Structure formats: C-alpha cells, structure tokens
Amino acid sequence: MPELPEVETVRRMLAPVVVGRRLLGLEHDDPARYRGAEGAAGRRVRALRRRGKYLIFALEGRLELIVHLGMSGSLRLDEGTHTRVRLEFEGATVFFNDPRRFGRLRAVPAGDYRALPTLARMGPEPLDRGFTARALAARLARTSRVLKTALLSQEPVAGLGNIYADEALWKARLHPARIANALAFEEVQRLHRAVRGVLRRAVDLGGSTLGDGAYTRPDGEPGYFQIEHAVYGRAGEACPRCGRTIERLVLGGRSTHVCPRCQRR
Ligand SMILES: [Zn+2]
C-alpha cells in the first residue's frame, strides 16, 4: 500500500500539473464507489496537499477532493488497463488506476473529515518541524497496543504503513511487539529519529516499488527505496547491522519483519 513517501512523491510530481488549473470533470465506471467526487468538477485547484497517506486537492469554494490510493491505486499521467477514474484538468488528464479497487475519492467541505475517521484522528506529520519526540511520547502514552499496531493506526504519527513501520522500528532497535505506552523516553527519542530518517530518505528516493509493481510515480517510473530496505520483505537474509537472520512474524494480522538480535522484546 502506498505510504507517506509514495504519496508525497505523487504530490510533488502532480502539483505542477494541476495547481492553478480547473478540474473540468471526472469520469468513472463505478457510481457507488466514487459517489460525491463529482462535486469537485468545475473548480480550480488552489493547492495539492498531503496528510499522512491521503492526497488532498484543495479546490476553490472551500471544497477538498480527497484521494486515498488504497492497496494498489496510483495516479498516472497515462491511461492504464485498470483506469477507474479520469480527472480532466485544463490542459492535462490524470488517471486513477486501481486494479484491486480499494482506493477512494471523495469531495468534502474543507477540513470536514467526519466521513473519513482515519483522517479525522490522524496524528502529527512526521516531517513537520513541530513534530518532536515529546509529541510522539505523549501520543504513544495514550495506547497500550503493541508498537506496530499503534503505528499502523496513524494516531501516534501520520503516514506509516507496513514497510516504513518495520524499517523505522528496526532502525530504532525496538521490537514491534513492545507495548507503546511502556517505552522509556530515550526509546521514544530513538523511534522519533528513526521515523524521520527513514521517511526523509524514502521521499528522496521516490518511495518503494515492490515486486508487484503496484506503486509507480505518475510518470510510470519506479521508486528506489526498496533497494535500501533493511528488514521489510527480507526474511531469511542477514541483518545489515549485525548479520543475524531476519525473521518474519505476524502481529495484529500483519506480516512484520525483525532482527531478533537488534530488536529484543
Ligand atoms: Zn541485527
């Protein structure tokens, strides 16, 4: 699933294409799934923002078109075999491709996220200046869930999914089954630094394109952060820090990758 670095990469590439242009219309093949998105038609794009894994087209008239790419969705500048929605802008067309149809588009009054509970409850943006280790500690203190599950909820911090949660926990040397509100402050500081470091590097490399090729940039090119994954998808390989074999376990129903030496319970 596209996570913060992938969505940020899409945002950076699409912003010059759509900002300042009018969205002339949306065409789609699935009235139920994309109902309400049509309300965005006819409005000019003021800004293209990102919040966690959500892409937000800020439109004139205080309306927002919210796009969640789901499991396999992508916004592309060329039409694909799984194009579900065509977004016609003045002078450009953007195609929402979504083979597995888990993606969502929705138009809402600006800032009104009642219909999008994950977005409404979302924690701070990890790459914002104001995101401190203290802010992360305060958020982790509210939950007795295990770290991996807490991070995937988006509530302690926005934008992490399975890949970047595993990578950040490895970098911070924290076991994903540790209880979120039982961390020492020094451990939270390590996690804070790791989350920012991993995400910054992944944004620099255009995100991660996995073997399924589901995520690509809007121009069809891959991201390159997968080359630097330390643990994600690397069960059976050697830990790049200590050489111990990476293990895969299941936590909260999600596959999780750890180094049993670097990340002790
Ligand atoms: Zn290790």
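Just so you know, all these numbers are worked out from the coordinates, no wet-lab data involved. Keep in mind that this is a model prediction, so the values were computed, not measured. Quick reminder, even Gly has a Cβ in these numbers, built from the backbone with ideal geometry, and neighbours come from all protein chains shown.
Annotations for the structure displayed:
- By the beta-carbon count within 10 Å of each Cβ, the least crowded to most crowded order of His68, His257, fewest first, is His68, His257.
- Note on the chain: the alpha carbon radius of gyration divided by the globular reference 2.2 N^0.38 Å gives 1.03.
- Cα-Cα separations in region 4-115 greater than 25 Å, expressed as whole percent: 9
- Over the chain: helical MRE at 222 nm, DSSP H runs n ≥ 4 each giving -39500 (n - 2.57), nearest 500: -7000 deg cm²/dmol
- Listed residues Val17, Phe96, Leu4: farthest to the positive end of the dipole of region 4-115 (Cβ charges): Leu4
- Span-like helix ranges in the chain, DSSP H, alpha carbon extent 18 angstrom or more, Kyte mean at least -1.0: 4-18, 185-204
- Net charge of Cβ neighbours under 10 Å - reference Gly70; Lys, Arg +1; Asp, Glu -1: +3
- Relative exposure of Arg21, Arg104, judged by other C-beta atoms within 10 Å (fewest first): Arg21, Arg104
- About its Cα centre, the dipole of the chain is roughly 1120 debye, where the only charges are +1 on Lys and Arg Cβ and -1 on Asp and Glu Cβ.
- Percent RCO, i.e. relative contact order, over the chain, from Cα pairs under 8 Å lying at least 6 residues apart: 18
- Range in the chain, longest, excluding exposed GluC sites (Glu not before Pro) [loop by DSSP; at most 14 other beta-carbon atoms within 10 Å]: 91-236
- Net charge, Phe95 excluded, C-beta distance under 14 Å - Lys, Arg +1, Asp, Glu -1: -3
- Net +/- balance of residues flanking Gly111 in space, Cβ distance below 9 Å, scoring K and R +1, D and E -1: -1
- Evaluated with a Cβ-only charge set (Lys, Arg +1; Asp, Glu -1), region 1-153 carries a dipole of roughly 720 debye about its Cα centre, given to the nearest 20.
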